[in-house]
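Notes follow once the structure below has been shown.
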Amino acid sequence: MDTPLFAFSLHDTLVDTQDLSALLALRLGAAEASVFNRRWREKQSEFTYRRGLMGAYADFHRIQHEALEAVDRERGTRLGEESKQALLAHCRRLPAFVDAPGALTRLRGLGVRCVAFSNASRYDIELLLDNTGLADRFEDIVSAEEVRRFQPDAALYAHLRARTHSRPEATWLISAEPAEIIGARYAGLRAAWLQRDPQRAFESWGDPPDLMAPDLDALATQCAGWFAREG
């Protein structure tokens, strides 16, 4: 069996975007903060998809800013500029999920090559990994900015394989986002979906993930069995 290459998506997979709700709650209250944060993440995805279709690449941090402005108008929340800048700055220092350090260490112990893979710029990825203490768990960083394409564009997954010199059947995307899993599977990669939210169902179209786990610890346990069976 070829050495497995695991490409970890960052947001909601390794780092917890729900941490932004605490900042939002200071201004909006807990209930509105939760709704606002969810819409902000949805709007970021929407804008990356639109820009991908248009061929209008932009730095992901800019898209986060554009999405924040859009949701602020949509919700009528009238966040001040200071609050917006604080939120955008916090996007670069989101905390890691508590299972991330140990699970990554376990996977590396199984012989897995681990890379960070994100729509964010290399600069922002490095900041997140440094701030979370996860940087030394990864052999490399692969950023969407290198090809100016966002997930789930097949060109980005092809670039991942080229950069890591990994065969499709040995290349895995690890993500909590169903659209990314479907995109990776369509591009011929393997994929593991983290169902961090037990209420979230996988989408009803496209190829299903090869593995599904509630968190990274469970994924590492499943992988140990998977690799043993595959030889």
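None of the figures in this text is laboratory data; all of them are computed from the coordinates on show. Every value quoted in this text rests on a predicted model; they were computed, and no experiment measured them. Note that each Cβ is placed from the backbone with ideal geometry, even for glycine, and that neighbours are counted across all protein chains shown.
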- Go from 0 up to the bin containing the longest alpha carbon distance in segment 17-92, width 5 Å each, and give me the % of pairs per bin. 3, 16, 29, 27, 14, 7, 3, 1
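If each DSSP helix of 4+ residues adds -39,500 (n - 2.57) and the sum is divided by the residues in the chain, what number results at 222 nm, nearest 500 deg cm²/dmol?
Details: 9 runs with 116 residues, N = 231.
Value at 222 nm, helices only: -16000 deg cm²/dmol.
Kirkwood Rh, Cα Rg: Rg to Rh for segment 92-152?
Values: Rg = 12.0 Å, Rh = 12.2 Å.
For segment 92-152, the value is 0.98.
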- Task: For segment 61-108, give the magnitude of the charge dipole about the Cα centre (Cβ charges: +1 Lys/Arg, -1 Asp/Glu; no others), in debye to the nearest 20.
- Result: 260
- Note on the structure: the chain: relative contact order from alpha carbon pairs under 8 Å, six or more residues apart, as a whole percent, is 23
- Message: Taking the Cα centre as origin and putting +1 on Lys and Arg beta-carbons and -1 on Asp and Glu beta-carbons, what dipole magnitude results for segment 17-92, to the nearest 20 debye?
- Response: 120
- Note down the magnitude of the dipole of the chain about its Cα centre, charges +1 on Lys and Arg C-beta and -1 on Asp and Glu C-beta and zero elsewhere, to the nearest 20 debye. 220
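Of the DSSP beta bridges with both residues in the chain, give the percent that are antiparallel, rounding to the nearest 5.
Details: 1 of 21 bridges.
Of all bridge pairs located within the chain, approximately 5 percent are antiparallel.
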- Item | Cα extents of segment 91-231 along the three principal axes, largest first (Å) | 37, 34, 31
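Within 10 Å, count the other beta carbons around each residue, average over each peptide in 51-64, 10-23, and list them highest first. Display every interim value, and only then the final one.
On the way: 51-64: 15.5, 10-23: 19.5.
Highest-to-lowest ranking by the protection proxy: 10-23, 51-64.
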- Message: Can you give me the C-alpha center-to-center distance between segment 164-211 and segment 24-53, rounded to a whole angstrom?
- Response: 23
- Whose amide H sits under 5 Å from the amide H of Asp12, counting only residues 5 or more places off or on another chain, with H placed in the peptide plane? Thr17
- When Rg is the radius of gyration of the Cα atoms in segment 1-147 and Rh is its Kirkwood radius, what does Rg/Rh come to? 1.01
